[in-house]
Amino acid sequence: MKLYLCSILILLVNYGSCDSAIHVGHRISLAVPSEYSAGFIGRAFLMDANQLEPNFRVALSAEAIKGKYSCSLEVFLGDVKLKGPKERVGWRTGTSGQGVERLQILRTGNLVLVDVLNQIKWQSFNFPTDVMLRGQRLEVATRLSSFPRNSTSYYTFEILHNKIALYLNSGKLKYSYWEFKPSKNRNITFVELGSKGLELFNDKHKKIAQIASWRIQPLRFLALGNKTGNLGLYFYSPNTEKFEASFQALNSTCDLPLACKPYGICTFSNACSCIRLLTKQNGMSSDCNEGTPRKFCGGAQVEMVELNGVSSVLRDAPRRVNVSKTACANLCLDDCKCVAALHSSEDGAENSQECFLYRLVVGIKQVERGTGLSYMVKVPKGIHDSHSKPSVKKWVLIVVGVVDGLIIVLVLGGLAYYLIQKRRKNLSGTENNT
């Protein structure tokens, strides 16, 4: 079988080698199959930081991704991968002519190129991916990015002047789903991960806020999950020999933006239910977004369907104030790219009513009735007739209730069975004693 090579070359003069550094002129190669092999992962560890476990290590890695092989340098903390492939062939640090002598992994996990005076000419800390290590600093306007598999959407953790926030990105669309702001409207200049939490600083390098860890063990890294989009602070547990979260931005599954598929509702029991709409033609129901057009531009006849007891976790949607529920629905109908609208009315007064327009139907979750929230979805006109409107509203209230109700029934049934069995054992024991 033919093999190709994934290689890295430090283009200078070789001065020897040690465990924590690769000196100039050193070449490392990794063989990969000539034909694409799904699931292939090849890895060669090059150096480590010479510290107690979990140790920082650097590896040359080749991985099969989307029909091609991605060759990359990766940094590991124990078994946790901190730097991943960029799906890009060819990589340069741009340090030609700067007197670089060696590639080195520091005890902080920072991968650096240094000169003969040990001055850093390039560092991985300046190019964050989805992980931030202890001691690492992120300036305003920088971000961490995380890409879920089999999805066109991706997550970002962004540092802004007035807040830090999590965002769901889809094409040019961008919605926040969590944020943290310093008190007294103080501005952020940079953030830094310390041993006790994520610290926020102003332009005078004074700490103005902190997201604290609740564990005694020092933090090792911050990570933006590529499956959930949740933000976590992680420490190493000697007892379990694993990294565990001491803080998570979102503690409920239903607060995650992609907890369910598009046109799905996350229920009180953290289960997903689909928005089913009856059709005139066959009376069959659609499965979430199956059969529901994603685009309504081009003169399509549409209408809005209200879903009671439902809201969205997505924020930063275009917002209108002092509008009624009917006017909110009409705003979405008049915009062919709008697919859903959320109307909020705290006390029914017109001056306290808000309307949010969405171009994605995701992040939907069940909420208590009476909150003044009304979520409306755009559907093709005629997908249900006037007689089915109440049943569509009932579906969300009843079917979502059925999912939670079944769980409650199972729990109560199991408890009743346990009590009956316990009572029988007690009676049996009493008879034996007599």
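The values are calculated or read from the model by the stated rules, or taken from the named source; none is laboratory data. Computed from a predicted model, the values in this text were never measured in an experiment. Methodologically, a virtual Cβ is constructed for each residue, glycine included, from the backbone with ideal geometry; neighbour enumeration extends over all protein chains shown. Heads up: the accessible areas ignore ligands, DNA and RNA and are worked out on the full protein's heavy atoms, side chains in. Shrake-Rupley method; radii C 1.70, N 1.55, O 1.52, S 1.80 Å.
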Heavy-atom accessible area per residue of region 27-126, all protein chains kept, 1.4 Å probe, expressed in Å², is 53 Å²
When the charge dipole of region 115-235 is computed with +1 at the Cβ of Lys and Arg and -1 at the Cβ of Asp and Glu, the Cα pointing farthest to the positive end, of LEU166, GLN136, THR156, is that of LEU166
Expected unfolding gain across ALA212-SER151 under the 0.36 nm per residue rule, minus the alpha-carbon gap, is 18.8 nm
GLN248 and ARG107 label points (each 7 Å along its Cα→Cβ direction) are spaced in nm at 3.3 nm
Normalised Cα Rg of region 27-126, dividing by 2.2 N^0.38 Å with N its residue count, works out at 1.16
With the dipole of region 27-126 defined by +1 on each Lys or Arg Cβ and -1 on each Asp or Glu Cβ, the option from ALA64, GLY42, PRO54 whose Cα lies farthest towards the positive pole is ALA64
Among LYS295/LYS325; LYS196/LYS365; LYS184/LYS261; LYS172/LYS206, the pairs whose Cα-Cα distance exceeds 28 Å are LYS196/LYS365; LYS184/LYS261; LYS172/LYS206
In region 301-378, the GluC sites (Glu not before Pro) that sit in a DSSP loop and have at most 14 other Cβ atoms within 10 Å of their own Cβ are GLU346, GLU368
If every Lys and Arg gets +1 and every Asp and Glu gets -1 at its Cβ, then about the Cα centre region 27-126 yields a dipole, in debye to the nearest 20, of 260 debye
Whole-percent carbon and sulfur contribution to the accessible surface of region 27-126 (1.4 Å, no ligands, DNA or RNA) stands at 48 percent
For region 166-279, the Debye formula with one identical point scatterer on each Cα and no solvent gives log10 I(q)/I(0) at q = 0.15 Å⁻¹ as -0.83
Mean accessible area per residue over region 131-251 (1.4 angstrom probe, all protein chains present, square angstrom) is 52 Å²
Projected convex hull area of region 137-208, Cα atoms, direction-averaged, in nm², equals 5.6 nm²
In debye to the nearest 20, the charge dipole size for region 131-251, taken about the Cα centre with +1 at each Lys and Arg Cβ and -1 at each Asp and Glu Cβ, equals 180 debye
